[in-house]
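Asks: First, the structure itself, so that you have it in front of you.
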Amino acid sequence: MPKGRPTIEPRRVPTADSVVVKELYVSLQGESSHQGKLCTFVRLTGCHLRCTWCDSEFSFKGGERLPNAEVLRRVLELRAPMVELTGGEPLLQPGVYPLMESFLDAGLTVLLETSGAIDVRLVPKAVHKIVDLKTPSSQEHDRNDLRNFESMNERDELKFVIGSREDYDWSVGMIRQHRLDQRPFSLLFSTVFSSLAPVTLAGWVIADRLPVRFQLQQHKVLWAPDARGV
């Protein structure tokens, strides 16, 4: 394992009937094709990656271990029809799988935001998976699990976070090499906030007629970029 990358200690991983929650709140969905919709966010603690541009380092440690039933109760209490599991990396916690099932059973639309470095085949098919494909500027692009392309369906979205022209060219190359524009899932392009002007990326996408959805991080436009609980 390359120097500086954290190791996973199984003894600290929550059991399958609970998860460690860093924060839980209701807001508007800021990204993906669900942008602008009312959504409850359940942010789980822990991540095995250290992307250079990570905007949620606060989620790497801490949080409260809660039974899945209690998480479901709190989510339903907030009265939003949609819930997103995010992190950190939520798939590191075994309890997230039955938690997703409980959300679905309660009639919620369920989104999962995941790093793309863990195989998503065990995620319930009814969950809307938003899967990152790490670009070179993250310095974690060698951790991408390309098996995910085969496990994603028409509900899902593959997200590229672009921080430079190198990232953009790499992303276009991945789309062409793996024929990602012919897959059932959607493709999302967004910028690393404050590293690349959105108008610049928009211009590249238009010039190359890319079959992607250009997106902004709406929550960073509406509120302060480092605001919590929004």
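The values are calculated or read from the model by the stated rules, or taken from the named source; none is laboratory data. Note that the coordinates shown come from a computational prediction; the quantities given were computed from them, not determined experimentally. Note that each Cβ is placed from the backbone with ideal geometry, even for glycine, and that neighbours are counted across all protein chains shown.
Conditions (1) at pLDDT below 95; (2) among the hydroxyl-bearing types (Ser, Thr, Tyr); (3) touching a strand residue (DSSP E or B) at 6+ places or on another chain (Cβ under 6 Å); (4) assigned to a loop (DSSP other than H, G, I, E, B), marked per residue:
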site	(1), (2), (3), (4)
Phe189	no, no, yes, no
Ala207	no, no, no, no
Leu216	yes, no, no, yes
Lys220	yes, no, no, no
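Asks: Can I ask one more? When the residues of segment 11-48 are narrowed to those that are of a type in the set (A, V, I, L, M, F, W, C) and within 13 Å of the chain's Cα centre (by Cα), which ends up surrounded by the fewest Cβ atoms within 10 Å (Cβ to Cβ)? Please lay out each step first, then the result.
Replies: Pass one, segment 11-48, residues of a type in the set (A, V, I, L, M, F, W, C): 13, 16, 19-21, 24, 26, 28, 38-39, 41-42, 44, 47.
Cutting the leftovers down to within 13 Å of the chain's Cα centre (by Cα) gives us 41-42, 44, 47.
Details: Phe41: 24, Val42: 24, Leu44: 27, Cys47: 22.
Restricting to residues being of a type in the set (A, V, I, L, M, F, W, C) and within 13 Å of the chain's Cα centre (by Cα), the top hit is Cys47.
Asks: Where the second residue is part of a strand (DSSP E or B) and modelled with pLDDT under 95 and the first is over 18 Å from Glu64 (Cβ atoms) and lies in segment 81-95, which pairs have Cβ atoms under 9 Å and are six or more apart or on separate chains?
Replies: As it stands, the answer is none, since no pair meets every condition given.
Asks: Next up: Would you check which residues across segment 28-70 are at pLDDT below 95 and of a type in the set (Ser, Thr, Tyr) and list them?
Replies: Of everything in segment 28-70, those that are at pLDDT below 95 and of a type in the set (Ser, Thr, Tyr) turn out to be Ser32, Ser33, Thr52, Ser56, Ser59.
Asks: Let me ask something else. Scan segment 10-26 for residues that are modelled with pLDDT under 95 and either part of a strand (DSSP E or B) or among the β-branched types (Val, Ile, Thr) (or both) and report the count.
Replies: Residues flagged as modelled with pLDDT under 95 and either part of a strand (DSSP E or B) or among the β-branched types (Val, Ile, Thr) (or both) within segment 10-26 amount to 2.
Asks: Shifting gears a bit: Out of (1) over 20 Å from Gln35 (Cβ atoms); (2) touching a residue at least 12 places away in the same chain (Cβ under 8 Å); (3) out of contact with any Leu (no Cβ under 8 Å at 6 or more places or on another chain); (4) among the small types (Gly, Ala, Ser), what's the single condition that is false for Gly173?
Replies: (2)
Asks: Additional query: So Pro124 passes all but one of these: (1) in contact with a helix residue (DSSP H, G or I) (Cβ under 9 Å, 6 or more places away or on another chain); (2) part of a loop (DSSP other than H, G, I, E, B); (3) touching a residue at least 40 places away in the same chain (Cβ under 8 Å). Which condition number does it fail?
Replies: (3)
Asks: I'd like the residue in segment 105-121 that is over 14 Å from the mean Cα position of the chain (by Cα) and part of a loop (DSSP other than H, G, I, E, B) and, out of all such residues, is nearest to Ser171 (Cα to Cα).
Replies: Step one: filter segment 105-121 for residues over 14 Å from the mean Cα position of the chain (by Cα), giving 105-109, 121.
If we keep only those that are part of a loop (DSSP other than H, G, I, E, B) too, we end up with 106-108, 121.
On the way: Ala106: 37, Gly107: 35, Leu108: 33, Arg121: 23 Å.
The residue in question is Arg121.
Asks: Which members of segment 18-45 meet the condition of being touching a Lys or Arg at 6+ places or on another chain (Cβ under 8 Å) and in contact (Cβ under 8 Å) with a residue 60 or more places away in the chain?
Replies: If the condition is that a residue be touching a Lys or Arg at 6+ places or on another chain (Cβ under 8 Å) and in contact (Cβ under 8 Å) with a residue 60 or more places away in the chain, then Ser18, Val19, Val20, Lys22, Glu23, Leu28, Gln29, Gly30, Glu31, Ser32, Ser33 are the ones that fit.
Asks: Residues to consider are Lys129, Lys134; find the one that is within 30 Å of Leu99 (Cβ to Cβ) and in a strand (DSSP E or B).
Replies: Lys129
Asks: Quick test of your reading of the structure: Glu84 fulfils all but one of (1) in a loop (DSSP other than H, G, I, E, B); (2) crowded, with 20+ Cβ neighbours inside 10 Å; (3) not β-branched (Val, Ile, Thr). Name the failing condition by number.
Replies: Just one mismatch for Glu84, condition (1).
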